[in-house]
Protein chains: 2
Amino acid sequence: MSSGSRTKRRRLEPEERRAEILAAARRLFGDGSYASVSTSDIAKAAGVARPLINHYFGDKRELYLEVVRQMVIVPAPVVENLPDTTMEHRLTIGVGHWLDVVERNRRAWLTAIGHEAVGRDPEVDRILREADEVAADRVLEAALMTGVTEGREQLRAMIRSYGGMLRAASREWLVRGSLDREELRIFLTGSILHLLKVTYPELLAGKLAAGDGDSRPPV
Amino acid sequence: MSSGSRTKRRRLEPEERRAEILAAARRLFGDGSYASVSTSDIAKAAGVARPLINHYFGDKRELYLEVVRQMVIVPAPVVENLPDTTMEHRLTIGVGHWLDVVERNRRAWLTAIGHEAVGRDPEVDRILREADEVAADRVLEAALMTGVTEGREQLRAMIRSYGGMLRAASREWLVRGSLDREELRIFLTGSILHLLKVTYPELLAGKLAAGDGDSRPPV
DNA sequence: GGCATTCCTGACGTGATGTCAATAGCGTGT
DNA sequence: ACACGCTATTGACATCACGTCAGGAATGCC
């Protein structure tokens with residue numbers, strides 16, 4: 001049974017060992033849920049005694065947070081090196097890059113957002129908020145709107161909300177196949193453009209004249 | 001300490017007792033996370049011995065699922081009794097109703113979506129999917145588009161995705177206060193209208209002519 | 001080869017969960 | 001009223017996951 005890897009006793013550099021444990025944890029948490037994966041499982045998968053996990057990460061929760069952190073920081077170069085054209089064009093490209101990234105890192109990304117909002121857990125919450133914040137920065141940068149000041153907070157809030165739709169839609173694509181890549185591109189690009197070019201100005205104006213063009217808000 | 005409620009031993013109808021336990025669980029899971037709440041806590045809060053939880057619900061997970069189920073079925077009358085006017089008007093009202101509902105059930109709703117996407121948990125997943133499906137039906141009904149057949153699946157997928165934005169935006173409103181109610185109304189109404197009246201037709205047409213009006217999708 | 005450093009593990013204590021036989025409340029028949 | 005049966009309810013037990021600690025085993029240095 002346990003004879004397979006019972007070679008000797010390997011002694012590694014702390015960083016190296018830490019990385020091995022983290023990799024094992026990433027793999028296991030990727031399949032099961034937080035509760036369904038025991039530290040014993042992780043220790044076994046990493047070829048290590050269970051207490052070593054505590055030694056390197058403190059406790060199970062810390063290890064888990066580390067995994068989430070590492071997964072959620074995926075979307076880095078989505079918005080870098082965009083050409084110097086219109087915001088429409090840049091956003092179109094940016095959306096394309098996003099689709100590339102999630103398609104390439106499919107598994108990792110799905111597990112990452114799978115664990116999204118583990119709920120009342122303040123730590124996980126904070127990690128995800130920060131990721132949202134960074135994402136909002138990226139969008140503003142792609143839209144050449146880094147400088148806007150009027151209604152900036154509202155704008156950022158709407159972009160963060162858009163992030164919720166982005167994730168949901170990407171999941172529709174990857175796991176349900178209810179939208180193909182091209183449809184997704186149209187959907188996501190159109191939505192963010194509408195948000196920035198129509199809703200945002202409307203919102204700035206709307207604070208004064210509460211009624212909007214199409215329909216009179218009743219009661 | 002424990003002397004307070006140590007009256008006798010109450011014997012209730014199963015349904016009644018079950019409801020009491022569920023209520024206690026709802027309250028506790030509302031505050032802490034799944035892992036942070038022990039069955040002992042719930043039993044104590046319900047004034048009951050711990051094994052009774054297993055008797056009624058099987059195990060802790062089942063109880064939890066029951067709580068999630070009960071919380072996620074909140075938005076019932078959001079779309080009933082809408083006047084017989086344009087879809088713009090009906091959607092505006094529908095969004096208003098939604099805002100009313102989440103504002104009223106603020107705490108319960110927040111905990112419900114807090115536990116959203118517990119991830120690799122297939123059961124929770126299924127519950128949330130079903131709720132999404134129902135929500136999509138409601139939107140289609142409000143939009144007077146129950147009958148559409150062409151691209152129906154894509155349309156539903158986009159509406160489900162919109163649900164992700166709806167939740168994120170509502171949370172922005174309720175917990176961060178980064179958007180006020182009126183701004184949220186403008187945002188959500190405008191987005192769903194754009195989705196139904198612009199993106200959806202675009203998507204139907206776009207399958208043939210891949211380019212769209214504003215920008216040429218590169219490479 | 002001896003020794004210090006520190007990486008690593010076996011063994012223990014604690015707390016949480018699920019199971020089971022035994023008990024006690026409540027309705028029923030007389 | 002009283003005994004009786006049904007079953008809701010519980011105390012006690014077994015199991016398992018997690019965190020801690022002192023001691024054992026590699027590696028580097030002289």
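The values are calculated or read from the model by the stated rules, or taken from the named source; none is laboratory data. Everything numeric in this text was worked out from a predicted model, so none of it was measured. Heads up, the Cβs are rebuilt from the backbone with ideal geometry, glycines too, and the neighbour counts pull from every protein chain shown.
Count, please, the residues in the stretch A:45-61 that happen to be farther than 15 Å from A:Gly32 by Cα and more than 8 Å from DNA strand D (Cβ to nearest atom). Residues meeting the conditions: 7. Within this structure, A:Leu204 fails the test of being assigned to a helix (DSSP H, G or I), assigned by TED's automatic domain parsing to the domain that holds A:Glu88, within 23 Å of the chain's Cα centre (by Cα) and over 23 Å from B:Asp125 (Cβ atoms). Would a scan of the stretch B:158-173 turn up a residue that is at pLDDT 95 or above, at the interface with chain A (Cβ under 10 Å from one of its Cβ atoms) and outside any helix (DSSP H, G or I)? Scanning the stretch B:158-173, I find no residue that is at pLDDT 95 or above, at the interface with chain A (Cβ under 10 Å from one of its Cβ atoms) and outside any helix (DSSP H, G or I), so the answer is no.
Just one of (1) at pLDDT below 90; (2) within 14 Å of another protein chain (Cβ to nearest Cβ); (3) away from DNA strand D (no atom under 13 Å from the Cβ) fails for A:Pro83. It is (1). Would you say B:Thr92 is within 30 Å of B:Ile186 (Cβ to Cβ), surrounded by fewer than 19 Cβ atoms within 10 Å (Cβ to Cβ) and hydroxyl-bearing (Ser, Thr, Tyr)? No: the conditions fail for B:Thr92. In the stretch B:146-159, the residues that are in the same structural domain as B:Val134 (by TED's automatic domain parsing) reach residues that are outside any helix (DSSP H, G or I) and loosely packed, with under 12 Cβ neighbours inside 10 Å with C-beta atoms within less than 9 angstrom, at least six apart or across chains, in these pairs: B:Gln154/A:Asp180.
Would you confirm, using the coordinates I've provided, whether A:Thr149 is of a type in the set (Val, Ile, Thr), on the phi < 0 side of the Ramachandran plot and at the interface with chain B (Cβ under 7 Å from one of its Cβ atoms)? Judged against the criteria, A:Thr149 is not a match. Looking only at residues of the stretch B:20-38 that are modelled with pLDDT of 90 or more and within 11 Å of DNA strand D (Cβ to nearest atom), we find that the one that is surrounded by the fewest Cβ atoms within 10 Å (Cβ to Cβ) is B:Glu20.
You will find that of B:Val72, B:Val102, the residue that is in contact with a Ser or Thr (Cβ under 8 Å, 6 or more places away or on another chain) and either under 30 Å from B:Ala19 (Cβ atoms) or at pLDDT 90 or above (or both) is B:Val102 and no other. Residues that are within 12 Å of DNA strand C (Cβ to nearest atom) and more than 8 Å from chain B (Cβ to nearest Cβ) within the stretch A:20-41 comprise A:Glu20, A:Ile21, A:Ser38, A:Thr39, A:Ser40, listed in sequence order. Scanning the stretch A:100-159 for residues that are among the hydroxyl-bearing types (Ser, Thr, Tyr) and closer than 30 Å to B:Leu28 by Cα yields a total of 1. The condition (being under 13 Å from the mean Cα position of the chain (by Cα) and basic (Lys, Arg)) is satisfied by just one residue among A:Arg126, A:Arg176: A:Arg126. Is there a residue being closer than 19 Å to B:Ile113 by Cβ, under 26 Å from the mean Cα position of the chain (by Cα), modelled with pLDDT of 90 or more and not assigned by TED's automatic domain parsing to the domain that holds B:Ala112 anywhere in the stretch B:40-56? Checked against the condition, which is being closer than 19 Å to B:Ile113 by Cβ, under 26 Å from the mean Cα position of the chain (by Cα), modelled with pLDDT of 90 or more and not assigned by TED's automatic domain parsing to the domain that holds B:Ala112, the stretch B:40-56 yields no hits at all. Taking the condition more than 14 Å from chain B (Cβ to nearest Cβ), under 18 Å from the mean Cα position of the chain (by Cα), buried (at least 20 other Cβ atoms within 10 Å of the Cβ) and at pLDDT below 95, does A:Val134 pass? For A:Val134, the condition - more than 14 Å from chain B (Cβ to nearest Cβ), under 18 Å from the mean Cα position of the chain (by Cα), buried (at least 20 other Cβ atoms within 10 Å of the Cβ) and at pLDDT below 95 - is not met.
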